[in-house]
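Below is one structure; the comments refer to it alone.
The values are calculated or read from the model by the stated rules, or taken from the named source; none is laboratory data. In this text, all values refer to a predicted model and were calculated from it rather than measured experimentally. Cβ atoms come from the backbone with ideal geometry, glycine included; neighbour counts cover every protein chain shown.
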Amino acid sequence: MDGATNPDTRARILETALDLFAEQGYQRTSMREIADRLGITKAAVFYHFPAKAQLLASLGEPLIEDMEVAIKDALYAAETAGDPDRARWLLIESLLDTYLRHRRLLRILTHDLTVLAHDHAFQRFVDLAERIHQIVAGPDADLSGRVRAVQAISMLGDPVVFLSDVPDDRLRAEILSGVRTLLQGPPSASAGRAARRRRAGRPPALDAARAAEARRLYAAGTHTVTEIAEALGVSRATVYRHLAESAD
């Protein structure tokens with residue numbers, strides 16, 4: 001088997017194409033540039049991918065397959081557990097994990113939206129997104145519920161694309177916290193008054209042990225600053241102050 005037909009060559013072409021598309025955009029990247037980056041002939045690239053659109057479709061296939069698995073798992077959970085809310089959150093978390101695994105590809109698609117108009121494979125992406133909206137909204141959702149479902153799914157993808165400097169674990173915790181707030185709705189007036197009373201009685205500082213715990217939770221990315229403040233019984237400003245002192 002020569003180098004052109006080696007299966008490893010196909011994998012290397014995909015990885016190199018993903019790198020170049022991320023660096024300079026899909027439209028501005030040629031098949032010759034991909035070949036040159038790999039040190040192979042353009043004919044070898046065309047052997048595996050007769051057109052650049054086919055290369056892009058192959059890059060998108062793992063993302064689409066992961067989305068399909070997330071939907072399948074959520075529907076199975078709804079059927080076996082009889083708990084639509086659990087299925088909804090399973091889908092939201094699985095979809096977010098999928099987006100995080102495919103951050104570079106999502107950034108390519110977002111920054112070069114023309115590829116969606118020319119590549120039929122990504123129509124599947126759109127179809128799956130519509131199915132996800134339906135599951136998150138629920139079968140009997142009114143207009144408000146349908147709007148919130150679309151907003152929730154947008155809240156998953158946009159930070160993944162535009163906050164590329166934030167590590168996955170921290171970004172995941174913040175995104176899920178925001179989606180919960182959206183879907184659960186604002187607190188009632190009485191709950192808001194109770195929360196203000198609790199905040200008013202909070203201590204202005206943390207002792208050394210609780211300050212260390214706040215820093216540990218924040219570094220782990222498992223809790224938002226709001227969640228850390230609630231857990232430790234202080235204000236968000238207090239948590240931020242101790243985090244800033246640690247950084248100094």
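Summary table below
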read-out	value
Region 155-184 residues that are surrounded by fewer than 14 Cβ atoms within 10 Å (Cβ to Cβ), paired with ones that are part of a loop (DSSP other than H, G, I, E, B) (beta carbon under 6 Å, 6 or more apart)	ASP169/GLY221
Residue that is modelled with the highest pLDDT [pool: residues in region 56-90 that are among the small types (Gly, Ala, Ser) and over 26 Å from ARG12 (Cβ atoms)]	ALA70
Selection from region 212-225 of residues that are surrounded by 14 or more Cβ atoms within 10 Å (Cβ to Cβ) and either touching a Cys at 6+ places or on another chain (Cβ under 8 Å) or not in a loop (DSSP other than H, G, I, E, B) (or both)	GLU213, ALA214, ARG215, LEU217, TYR218, VAL225
Total residues in region 62-109, condition touching a Gly at 6+ places or on another chain (Cβ under 9 Å) and under 30 Å from ASP19 (Cβ atoms)	8
Boolean, GLU93 is assigned by TED's automatic domain parsing to the domain that holds ARG148, surrounded by 14 or more Cβ atoms within 10 Å (Cβ to Cβ) and at pLDDT below 95	yes
Odd one out for LEU20, checked against (1) modelled with pLDDT of 90 or more; (2) exposed (fewer than 15 other Cβ atoms within 10 Å of the Cβ); (3) touching an Asp or Glu at 6+ places or on another chain (Cβ under 8 Å)	(2)
Restricting region 135-150 to residues that are of a type outside the set (Gly, Ala, Ser), exposed (fewer than 14 other Cβ atoms within 10 Å of the Cβ) and modelled with pLDDT of 90 or more, the residue that is nearest to the chain's Cα centre (by Cα)	VAL147
Positions within region 23-42 being within 26 Å of the chain's Cα centre (by Cα) and crowded, with 17+ Cβ neighbours inside 10 Å, in sequence order	TYR26, THR29
Number of the exception - THR9 against (1) surrounded by 18 or more Cβ atoms within 10 Å (Cβ to Cβ); (2) assigned to a loop (DSSP other than H, G, I, E, B)	(2)
Enumeration of residues in region 96-115 that are over 15 Å from the mean Cα position of the chain (by Cα), surrounded by 15 or more Cβ atoms within 10 Å (Cβ to Cβ) and assigned to a helix (DSSP H, G or I)	VAL115
Residue list for region 59-90, filter: buried (at least 19 other Cβ atoms within 10 Å of the Cβ) and of a type in the set (Asp, Glu)	none
Total residues in region 177-211, condition modelled with pLDDT of 75 or more and not in a helix (DSSP H, G or I)	2
